[in-house]
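Report on the following structure.
Taken together, the values in this text are just the output of simple stated rules run on the coordinates, not laboratory data. Since this is a predicted model, take the numbers as computed values, not measurements. All Cβ positions, glycine included, derive from the backbone under ideal geometry; neighbour counts span all protein chains shown.
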Amino acid sequence: MIYEIAEHLSGWTSLDTWIVITAALAAMACALPGNLLLLRRQSMMGDALSHVALPGIVLAFLLSHWLQAGGWMSRQMHEAILHPIFFAGAMALGVLSAVLTEWVQKLGRVESSASLGAVFTTLFALGLLLMRAFADNVDIDPDCVLYGTIETVVVNTWPGTNIPRAAVINGAALLGNLALIVLFYKELKISAFDPALATTLGVNATVMHYALMAVTSVTLVAAFESVGSILVIAMLVTPAATAHLLTDRLSSMLGISLVVAAASALLGHAMAITLPPVFFSRIGFPADVGASTAGMMGVAVGMLLVGAAFLSPRYGVLSRSARRFRLRLRIVADDILGLLYRLNERGSAEQPRTFLQIFRGAMGVGRLQTFMAFRWLCWRGDVAIQSGYCSLTPAGESAARRLVRSHRLWEAYVEKHFGVPQSQLHHSAERAEHYLSPRLQEELAGELESPQLDPHGRPIPKPDNPPPADGA
Amino acid sequence: MKSNGVSWGAFLLLAMCFGGALQAQEQGSEEFSSRVLRVALLQDYNTRVVMAGTVMLGATSGLVGVFMLLRRRSLLGDVVGHASLPGIMIAFLVMETISAGSGKWLPGLLVGAMASGFLGVLCVTWLKRNTRLKEDATMAIVLSVFFGGGIALMTAVQKSPSGNAAGLNSFVFGSAAAMTAADVQIIGLGAVGAMALCLLLFKELTVLCFDEEFAAARGWPTHTLDLALMLLVVSISVIGIQSVGLILVVAILILPSSAARFWTDDLRHMAWIAVGFGGASAYFGVLISALFPRLAAGAVIVLAGSVLFAFSMVFGARRGILRRWRIHRRLTRQVGRHDLLRTVFELWEQSGQPPETPLAGYPIETKALLSARTWSPAVLHRWIKAAAKEGLIATDGSAARQLTALGAREAKRVVRNHRLWEVYLITYADIAPSHVDRSADAIEHILDCELLEELETLLQKQYPEMEVPPSPHEIENQ
């Protein structure tokens with residue numbers, strides 16, 4: 001199978017390279033405003049804008065067609081301004097949809113997501129209807145708008161060069177967005193994180209909002225023409241979300257989202273030309289098929305996002321559960337130390353303890369975890385095993401003393417200040433004992449005037465080497 | 001009640017305009033009007049079939065949409081719609097693999113769509129719970145990634161030369177006209193099933209929408225109920241895909257229910273209205289697209305819903321813009337009248353005349369009033385005109401205006417309310433005399449009789465007579 005994939009990849013031509021470059025430029029151009037949409041919690045607005053661009057384009061097309069048919073415009077001029085007018089139409093409708101959503105939300109007091117849904121579906125349905133109704137005049141194929149024509153990107157080159165036109169347009173959109181972000185970085189940042197503060201500092205949040213909508217719409221149309229609306233929707237928010245899982249800084253988030261967008265273009269196209277033939281031939285379909293690059297890029301960026309969701313060092317599911325597991329293990333190990341200390345305290349110090357006794361010491365956690373915590377203690381040298389019996393080593397003894405001290409100090413403190421009945425002191429101390437730092441313990445001891453006994457009448461152990469006082 | 005009547009009248013008017021527009025389309029053509037009748041009265045078998053399926057679907061989606069709206073999850077339908085595409089394609093591939101040519105068996109495709117739509121919803125929940133991403137981002141991500149995967153599969157399937165895949169892309173934009181009786185049976189069964197489930201769980205879902213914690217505290221399985229609601233949304237979206245298309249399917253969930261919200265505050269009424277709106281928009285959508293074959297039914301159904309929504313937003317009897325605007329205007333007028341009368345009273349009080357001078361007949365001087373308040377001349381004239389209309393201020397031929405007896409009584413009442421509240425605040429809420437004016441300004445307009453009586457009993461000792469007490473603070477002229 002790997003051989004097959006490699007075989008399909010070996011057919012890589014300059015056409016594929018241009019497809020990837022164009023797609024990467026489009027994806028990167030979309031990813032930049034996507035970051036801001038994500039942080040402003042307007043991700044679904046991006047989805048709405050990409051739907052609304054359709055009626056914008058159709059209306060622009062109809063308008064220019066009528067102008068030409070009515071004799072207001074020559075044919076050459078019509079050809080020349082067709083593209084600018086697309087951009088203008090999509091931008092107008094993008095801003096219009098944002099305004100309408102706001103109106104419906106404020107005037108009609110409709111919940112925000114419902115008003116967004118009502119507005120963009122209406123506009124999209126209108127665009128669809130217009131497109132079908134004037135199909136003779138409007139030379140737009142809905143499938144083409146949806147999936148894009150990235151596979152044939154090299155057919156249409158920029159005059160005088162052999163660079164695809166789409167690559168130039170998307171590159172320009174990317175550069176424009178970059179320039180805007182660099183210029184207004186401070187304002188964008190502050191209005192994304194704290195709109196109220198931005199307003200008090202004189203950054204007009206409303207203007208920022210509509211400007212963002214307009215810029216996003218323009219970017220969407222630039223990408224639309226070449227890569228279709230699917231890609232646009234996928235590339236707006238998902239790279240930004242991937243970056244958001246990996247970092248906390250806005251600047252690095254922007255950078256990572258660009259990398260993710262470019263990587264998903266490469267990965268998506270590679271998947272588009274390799275996977276379908278390989279899988280389709282297995283289930284009895286002809287092997288000479290390829291899938292839409294735009295669609296596969298969506299899948300690719302989804303895979304990158306899932307990867308980040310699991311593997312991110314700080315926010316990943318895996319690393320977080322690893323951290324949680326380590327904490328749980330530490331707590332169990334602490335509990336074992338405390339148990340050994342108390343057993344020593346109650347009986348004679350030399351009486352040997354078997355591992356099984358510890359096990360029965362009602363840890364309240366699974367056997368596997370208890371065992372692992374125990375092995376960890378042995379490995380750390382806090383607990384020693386001699387011929388089947390275990391005992392605290394001097395190091396373990398002092399660790400255990402610290403823990404029990406923390407437990408009993410807390411009990412004394414809670415009893416003194418909160419009047420909790422004696423029978424219920426243990427429960428809160430059982431939780432607090434694990435995170436009272438030595439300094440906090442000393443403060444507690446000072447506050448209680450160095451008590452000797454806890455509320456149950458058991459001695460509070462002394463620390464080995466009391467930490468130096470503050471400022472010493 | 002009056003506003004209700006106006007709204008329903010406007011509703012009828014809208015319906016008539018609608019019919020009129022249809023007529024005007026091909027005026028004088030006998031053929032066209034007979035066609036309208038034929039379609040509207042369901043005389044064609046084909047129309048009947050399509051109409052039955054779509055109207056059932058519209059009605060059920062209205063009902064389910066009500067709960068989604070109240071749970072603030074309206075856009076989840078959008079996610080489900082887009083996320084069902086890969087399921088349709090995979091189901092097609094699986095069925096083709098099992099036996100060639102059977103790939104477009106609708107129940108199979110719908111099962112695939114449901115499975116992947118539900119998977120999409122689960123992904124949204126999982127991402128929201130386990131990562132730091134917010135709900136809107138998770139929805140956008142799941143929607144786009146699933147849709148991208150679906151499109152990739154679809155293009156691959158369509159490029160395969162077996163040729164059987166031709167109709168698959170009709171799911172994207174929908175094709176109600178192509179529904180067969182067998183399809184309608186499935187859609188109808190699904191819609192009736194969903195409707196029954198919804199009605200059966202009506203009470204439970206209501207509590208879930210309004211107070212989830214309460215439901216959980218009463219020991220109801222909120223998680224299961226939530227899942228049931230999701231299942232309802234998924235099934236509605238999936239059976240709606242064929243007629244409305246997966247991009248627009250969210251509209252039939254959102255529009256009828258949000259439109260119904262403008263008419264009532266009672267959930268049961270809202271549910272019935274939403275059912276009616278959903279059914280009506282489906283009916284008109286199919287009707288129009290049957291008359292004009294070029295108009296895709298899905299888009300027209302959505303637009304019919306949009307018209308209903310816009311209409312309800314303006315004329316809605318409960319939360320419509322017009323009604324709220326009327327209430328707001330009434331309140332503004334009342335506040336303006338009170339302020340005017342109180343200012344006149346205060347001017348009279350300050351004018352240094354002997355207290356025997358009657359308040360009635362006190363001249364209204366625009367200049368003095370303007371300097372006492374931050375009114376613009378236009379606003380002041382509006383209030384004076386309104387007061388004159390109500391007989392509080394009289395003009396005796398010349399340009400001079402004065403308070404009437406009625407106006408004097410009303411002015412005394414207003415000032416009395418204001419000062420009673422001020423004294424109350426000073427005595428009982430321990431607020432400095434210099435600070436009470438502002439808050440009394442806001443409350444004086446809405447003091448009702450009961451509250452006034454209470455104030456009077458409370459302050460009896462200080463002001464035994466039912467006269468206007470003196471102002472507890474200096475009255476400053478702005």
Item to complete: For residue B:318, enumerate residues with amide H under 5 Å from its amide H, sequence gap 5+ or separate chain, H modeled in the peptide plane.
Response: B:263, B:264
Worksheet item: To the nearest 10 degrees, how steep is helix A:112-133 against the longest Cα principal axis of chain A, on a 0 to 90 scale?
Response: 20 degrees
Worksheet entry | Computed [θ] at 222 nm, helices only, for chain B once each DSSP H run of length n ≥ 4 contributes -39500 (n - 2.57) | -24500 deg cm²/dmol
Discussion item. Along the charge dipole of the range B:35-318, pointing to its positive end and built from +1/-1 on Cβ of Lys, Arg, Asp and Glu, which listed residue (B:195, B:219, B:237) has its Cα farthest out?
Written reply: B:237
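Over the range B:204-338, calculate the relative contact order: mean separation of alpha carbon pairs under 8 Å at least 6 apart, over the residue count, as a percent. Present the calculation step by step, with values, prior to reporting the outcome.
Numbers: 133 pairs, mean separation 27.4, N = 135.
Relative contact order for the range B:204-338 comes out at 20 percent.
How high is the relative contact order of the range A:2-313, in percent, counting Cα pairs under 8 Å that sit 6 or more residues apart?
Working: 449 pairs, mean separation 94.9, N = 312.
Computed over the range A:2-313, the figure is 30 percent.
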Worksheet entry | Cut-off 15 Å between beta-carbons: net charge of the residues surrounding residue A:118, Lys and Arg +1, Asp and Glu -1 | +2
Item to complete: Specify whether the C-alpha gyration tensor of the range B:35-318 places it in the rounded, prolate or oblate class, a ≥ b ≥ c being the square roots of the eigenvalues: rounded for a/c under 1.5, otherwise prolate if a/b is larger than b/c and oblate if not.
Response: oblate
Fill in: Evaluated over the protein assembly as shown, the Cα radius of gyration and Dmax, each in Å
36.5, 119
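How large is the Kirkwood hydrodynamic radius of the range B:395-442, counting all unique pairs of alpha carbons, in Å? List each step's numbers first, then the result.
On the way: mean 1/r = 0.0800 Å⁻¹.
Final number for the Kirkwood radius of the range B:395-442 is 12.5 Å.
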Worksheet item: In the protein assembly as shown, with Lys and Arg counted as +1 and Asp and Glu as -1 at Cβ, which of these residues, B:80, A:193, A:150, has the Cα nearest the positive end of the dipole, that is, farthest along it?
Response: B:80
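With charges only on Cβ, +1 for K and R and -1 for D and E, what is the dipole size of the protein assembly as shown about its Cα centre, in debye, rounded to 20?
Details: 75 positive and 72 negative charges, 178 e Å.
Magnitude of the dipole: close to 860 debye.
Within a 10 angstrom radius of each residue's Cβ in B:95-103, how many Cβ atoms of other chains show up on average? Whole number is fine.
1
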Discussion item. List the pairs from A:106/B:367; A:416/A:462; A:106/B:389 whose alpha-carbon separation is above 27 Å, in the order I gave them.
Written reply: A:106/B:367; A:106/B:389
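How many times 2.2 N^0.38 Å is the alpha carbon radius of gyration of chain B? Walk me through the numbers before you get to the answer.
Details: Rg = 32.2 Å, N = 478, 2.2 N^0.38 = 22.9 Å.
Compared with the compact-globule rule of thumb, chain B sits at 1.40.
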Practice prompt. Would you mind finding the longest exposed-site-free stretch of chain A, with exposed trypsin sites (Lys or Arg not before Pro) meaning DSSP loop and at most 15 other Cβ atoms within 10 Å?
Written response: A:110-248
Item to complete: For residue B:393, enumerate residues with amide H under 5 Å from its amide H, sequence gap 5+ or separate chain, H modeled in the peptide plane.
Response: B:388, B:404
Discussion item. Which lysines, if any, have their Cα less than 21 Å from the Cα of residue A:189, not counting same-chain residues under 8 positions apart?
Written reply: B:134
Discussion item. Suppose every Lys and Arg Cβ carries +1 and every Asp and Glu Cβ carries -1, with no other charges. What dipole size does the range B:35-318 come out with about its Cα centre, to the nearest 20 debye?
Written reply: 300 debye
Discussion item. I want the local charge near residue A:461. Using Cβ-Cβ distances under 12 Å, sum +1 for each Lys or Arg and -1 for each Asp or Glu among the other residues.
Written reply: +3
Item to complete: Could you tell me how many degrees, from 0 to 90 and to the nearest 10, lie between the Cα long axis of helix B:45-70 and the main elongation axis, the longest principal axis, of the Cα atoms of chain B?
Response: 50 degrees
Worksheet item: To the nearest 10 degrees, how steep is helix B:405-428 against the longest Cα principal axis of chain B, on a 0 to 90 scale?
Response: 80 degrees
Worksheet entry | Footprinting exposure proxy for A:21, B:236, B:301 (fewest neighbouring C-beta atoms within 10 Å first) | A:21, B:236, B:301
Worksheet, complete the sentence: Taking a ≥ b ≥ c as the square roots of the eigenvalues of the Cα gyration tensor, with a/c under 1.5 meaning rounded and otherwise prolate when a/b exceeds b/c and oblate if not, the range B:31-103 is oblate
Response to the item:
Straight-line reach check, residue B:159, cutoff 27 Å on alpha carbons, 8 or more apart in-chain or any other chain, hits among lysines -> B:104
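Find the percent of Cα-Cα distances in the range A:159-253 that exceed 22 Å, and round it to a whole number. Write out the running numbers ahead of the final one.
On the way: 1784 of 4465 pairs.
Tail fraction, whole percent: 40.
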Item to complete: Hand me the chymotrypsin sites (Phe, Trp or Tyr not before Pro) from the range A:16-101 located in a DSSP loop with no more than 11 other Cβ atoms within 10 Å, in residue order please.
Response: A:72
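What do you get for Rg/Rh of the range B:325-458 when both radii come from the Cα atoms and Rh is the Kirkwood radius?
Numbers: Rg = 15.4 Å, Rh = 15.8 Å.
Rg/Rh: 0.98.
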Fill in: Relative frequency of Cα-Cα separations exceeding 31 Å in the range A:2-313, percent
34 percent
Fill in: Two-decimal Rg/Rh across the range A:384-444, once Rg and the Kirkwood Rh are taken from alpha-carbon atoms
1.12
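So for each of B:244-253, A:237-246 I average, over its residues, the number of other beta carbons within 10 Å; can you give me the resulting order with the highest mean first?
Working: B:244-253: 31.0, A:237-246: 29.0.
Put in order of decreasing packing, that is B:244-253, A:237-246.
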